[in-house]
């Protein structure tokens with residue numbers, strides 16, 4: 001945000017008590033665009049479902065009973081438990097963090113991977129085009 005508003009790397013670095021080169025590296029990795037907010041698929045198990053799995057395992061419920069109570073397939077519950085320590089060691093918070101870690105994508109920003117595209121986008125931004133206008137123009141020009 002601050003970079004887009006025209007603040008210098010040195011000023012941004014001072015605000016975050018960092019070296020300006022680390023700010024420059026972050027901007028280079030993301031193309032100067034903040035990463036999208038991460039959100040889970042509606043199909044993924046939630047933390048509350050994982051907590052329920054943990055509680056039901058603790059009282060000795062079977063995988064099928066847990067699946068029925070959560071309206072999930074038994075195979076989903078079985079995989080979740082096996083992936084995260086088994087019936088004895090399963091912990092909801094660890095399983096939830098593990099799921100978030102596995103969901104991270106090592107995908108780099110297209111503007112970093114394609115310098116020509118970055119230049120085209122930068123030119124349009126200098127002409128005061130909105131990101132929406134640029135996206136629409138790119139879809140039309142390069143289908």
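The values are calculated or read from the model by the stated rules, or taken from the named source; none is laboratory data. None of these values were measured; they are calculated from a predicted model. All Cβ positions, even for glycine, are placed from backbone atoms using ideal geometry, and neighbour counts span all protein chains on display.
Of all residues in the stretch 33-41, none satisfies being farther than 30 Å from residue 138 by Cα and not assigned by TED's automatic domain parsing to the domain that holds residue 131.
Does residue 64 satisfy the criteria of being free of Cβ contacts under 8 Å to residues at least 40 places away in the same chain, out of contact with any strand residue (DSSP E or B) (no Cβ under 8 Å at 6 or more places or on another chain), over 16 Å from residue 43 (Cβ atoms) and not in a helix (DSSP H, G or I)? Judged against the criteria, residue 64 is not a match.
Pick from 118, 103: which is touching a helix residue (DSSP H, G or I) at 6+ places or on another chain (Cβ under 8 Å), within 30 Å of residue 25 (Cα to Cα) and in contact (Cβ under 8 Å) with a residue 60 or more places away in the chain? That would be 118, the only listed residue that is touching a helix residue (DSSP H, G or I) at 6+ places or on another chain (Cβ under 8 Å), within 30 Å of residue 25 (Cα to Cα) and in contact (Cβ under 8 Å) with a residue 60 or more places away in the chain. Kindly indicate whether residue 64 is surrounded by 15 or more Cβ atoms within 10 Å (Cβ to Cβ) and at pLDDT 95 or above. For residue 64, the condition - surrounded by 15 or more Cβ atoms within 10 Å (Cβ to Cβ) and at pLDDT 95 or above - is not met.
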